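Student: Would you mind keeping the following structure in view while I ask a few things?
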Amino acid sequence: MIRELVLLFAVVINIRNSADAFKFMSNWQPPKILTDEQRFEIAKTEERFGDKKLVVITGCSSGLGRQTVKNLLATNKYHVVGAVRDVDKMEAVAELDGFNIDNFHIMECELNSFDSVHKFCDELMEYKLAKPIDRLICNAGVYQPSLPYAKWSVDGHEQTMQINFLSHFLMISRLIEDMTTAPDPRVVMVGSVTGNDNTVGGGGVYPIADLKNLDGFKAGFQNPIAMADGYGFIGAKAYKDSKLCLMMTSNFLHSKYHRNTGISFSSIYPGCIAETPLFREKRAWFRKYFPVFMKYITGGYVGVEEAGQRLFQVAHDPRCAKSGVYWSWNGGPREGRGAAA
């Protein structure tokens, strides 16, 4: 009897070991049989992109986006799609900056129109062939603090909120599924210290970003409802609220989708770029003295070149692959601050 039990136990151990030996095959799938059409698309994809990662960035014909593209292309590791409102301007900038056109593709995308965003996403899907999107950088934005009344988008929404937030939200929702097939996908949203009320720039300068109970969104956010909180229009607050929405969305997408999709969702404040086209609608005296104030009074001045390096770092650096992070830099620019910077 004891001998039989020992033999039975040995057989069970054998079976268990045999099962363990095949654990490596638990995720095994039979090889896919490709059609001629699929093989042709894969070959065309490799010809177009090689081993480069595919980056999509909005608003890169000036300022922060322009500098970010410069840094991305300088690595020769990325193929960049620039989603811009003015294609002619982008072509001129690309020529002026010496962009490698083999690795840079310009596509029209007017964020003031949902139809344009849909059209861009459709055309992007055709252009990228079998290549997954590795990076989506939501950078484009408008700042219209001096507007006495709201401007409306093609879709009847307050313009600042649609361009800065709603259209980017739509773009993410269209592209997120494709990004799940990339090896290290990242969605990076350019936020702002002005949307963060626990900072001096966000909480100490009126008006303060505050969505309250989202009554404006609940009511449909259509003309004449111009603010997310349902209150009267304030140009500077519209910008701050839109950036707050972006940063909150980044956190929400991280909590809901990061674990299942592997996509890293983060937001970034690259610093106060005091000399940028973003302030083109501010008064002349402000554009003249604000950079001086930031340089010599607060010490928080950051040049557009360094800001572009910071956004590039979040998209490129393996250390910045962490999801659910709000990336920011302390102490102003690196220049002149020694090795510690």
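The values are calculated or read from the model by the stated rules, or taken from the named source; none is laboratory data. This is a predicted model, so every value here is computed, not measured. Cβ coordinates were reconstructed from backbone atoms using ideal geometry, including for glycine residues, and neighbour counts include every protein chain displayed. Keep in mind that these areas ignore ligands, DNA and RNA; they rest on the heavy atoms of the full protein, side chains included. Shrake-Rupley method; radii C 1.70, N 1.55, O 1.52, S 1.80 Å.
Student: Go through K53/K151; K212/K322; K212/K256; K70/K256; K52/K237; K218/K256 and tell me which ones have a Cα-Cα distance over 28 Å in this structure.
Tutor: From K53/K151; K212/K322; K212/K256; K70/K256; K52/K237; K218/K256, over 28 Å: K53/K151; K212/K322; K70/K256; K52/K237.
Student: Next up: Any chance you could tell me what percent of the C-alpha pair distances in segment 75-179 go past 18 Å?
Tutor: The proportion of pairs with Cα distances above 18 Å equals 53 percent.
Student: Just order 42-51, 79-88, 173-182 by mean Cβ neighbour count inside 10 Å, highest at the front, would you?
Tutor: Top of the packing list down: 79-88, 173-182, 42-51.
Student: By accessible area of protein heavy atoms, probe 1.4 Å, what ranking do Y127, Y231 get, highest first?
Tutor: Sorted descending by solvent-accessible area, the residues read Y231, Y127.
Student: Shifting gears a bit: Can you tally the net charge around S116? Count Lys and Arg as +1, Asp and Glu as -1, for every other residue whose Cβ sits under 12 Å from the Cβ of S116.
Tutor: Cβ neighbours under 12 Å give a net charge of -4.
Student: Next question. Considering Cα pairs under 8 angstrom that are at least six residues apart, work out the relative contact order of segment 111-247 and quote it in whole percent.
Tutor: 32
Student: List the extent of the Cα atoms of segment 124-255 along each of their three principal axes, largest first, rounded to whole Å.
Tutor: Sorted from largest, the Cα extents of segment 124-255 read 47, 34, 25 Å.
Student: What order do you get for 136-146, 59-69 when each peptide is scored by the mean count of other beta carbon atoms within 10 Å, highest first?
Tutor: Sorting 136-146, 59-69 by mean packing, highest first, produces 59-69, 136-146.
Student: Something else about it: Rounded to whole Å and ordered largest first, report the semi-axes of the equivalent ellipsoid of segment 29-132 derived from its Cα gyration tensor (root of 5λ).
Tutor: Result for segment 29-132: semi-axes of 28, 18, 11 Å.
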